[in-house]
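All of the numbers you see were taken from the coordinates with simple rules; none came from a lab. All of these numbers come straight from a predicted model, not from anything done at the bench. Here the Cβ positions follow ideal geometry from the backbone for every residue, glycine too, while neighbour counts run over all protein chains shown.
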Amino acid sequence: MQVPLVEVSLLTSYFQVFLEEQRRACAVALRVAVVSDVGRVSARLVQLQVAKVMADDTDFSLYSLDEATPGTLNDFDLVISTALAPLQTAAPVIQLAEVFDRDELLGHINRLRFDRNASIPLGAGSRSLLANLLDRDRFIKLSPELDYRENLDLMLDHLIQLGYVNERFRETLAERERRSSMAIDSYLAFPHTTLPKGADQIVLAIGVIPRGSDDEGLRIIVLLGVPEKSDYDDTILIDIYEEIIRLTSDRAGLDRISRYTSYEQFFLHMTNSPLTWPPTLYP
């Protein structure tokens with residue numbers, strides 16, 4: 001018998017639910033140590049802020065600086081410290097000031113995921129890598145009057161001026177574009193290549209080209225530079241690719257994003273958080 005497509009879809013959904021339940025049942029909660037040099041009360045305040053972006057089942061332990069010995073910290077998956085003194089531990093460490101924001105913490109976490117192959121599950125509202133690897137400087141408003149190449153050059157000029165990349169990166173990107181266009185479709189382009197030797201962090205920038213729903217032309221350029229390394233886990237890159245593919249399937253969403261005027265609007269959109277103010281869109 002031929003199985004109807006509706007039934008195939010239902011079977012697929014049930015199977016995915018089963019796999020997700022099994023994954024959650026077998027997963028071990030991330031163990032995080034929070035260290036403060038002014039005592040456990042301060043560490044508790046830091047924990048409350050960190051918990052907002054971590055998975056719900058994250059297991060926190062609080063330590064003063066005196067208690068944070070290598071023997072104590074080495075067993076943790078992650079150490080978050082606001083102490084000024086450096087910690088001696090084999091565990092990955094994130095150093096924060098007493099006052100920090102969500103973007104700063106997420107930036108540190110994603111760099112650890114890339115540089116240290118650290119498996120750090122995030123909360124449901126923090127899972128957009130595009131939003132979390134971005135910042136205000138690298139959300140760039142482009143012009144609908146310019147073509148793809150001209151807008152890409154504007155993005156590169158901006159990143160070079162800020163010191164994120166150099167002219168060699170522009171040349172490498174142009175060489176790759178000559179071999180194959182990196183426009184995924186008529187709405188989104190994904191130019192990407194390796195960064196010059198010596199770079200040790202991913203560089204991500206997003207350019208938006210404001211267009212109406214009925215207008216033709218590119219809406220978003222996602223520009224990615226990856227360090228030239230052979231020893232990192234490429235899971236984070238796969239996550240970025242998958243998120244971009246999901247974006248291309250949401251044409252209405254791309255229309256909205258193209259008219260955003262700030263990184264904050266993009267962040268809220270990508271993390272599925274409700275807008276708390278009317279977004280300022282291009283006319």
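Just a few scattered comments:
- Rounded to the nearest whole Hz, the Karplus-based 3J(HN,Hα) values (6.51 cos²θ - 1.76 cosθ + 1.60, θ = phi - 60°) of region 67-81 follow the sequence 7, 7, 8, x, x, 7, 7, 4, 7, 8, 6, 7, 10, 10, 10, with x at glycine and proline.
- You can think of it this way: the chain between residue 64 and residue 52 has 2.2 nm of extra reach, that is 0.36 nm per residue less the Cα-Cα gap.
- Packing, taken as the mean count of other beta carbons within 10 Å per residue, orders the peptides 140-146, 31-37 from highest to lowest as 31-37, 140-146.
- Anisotropy class of region 143-217 from Cα gyration tensor, a/c 1.5 cut: prolate
- In this structure, residue 214 and residue 153 have a Cβ-Cβ separation that, at R0 = 25 Å, corresponds to a calculated FRET efficiency of about 0.35.
- Maximal additional length on extending the residue 37-residue 160 stretch stands at 40.4 nm, based on 0.36 nm per residue less the C-alpha distance.
- Computed label-point distance, nm, for sites residue 11 and residue 168 using a 7 Å Cα→Cβ extension: 5.4 nm
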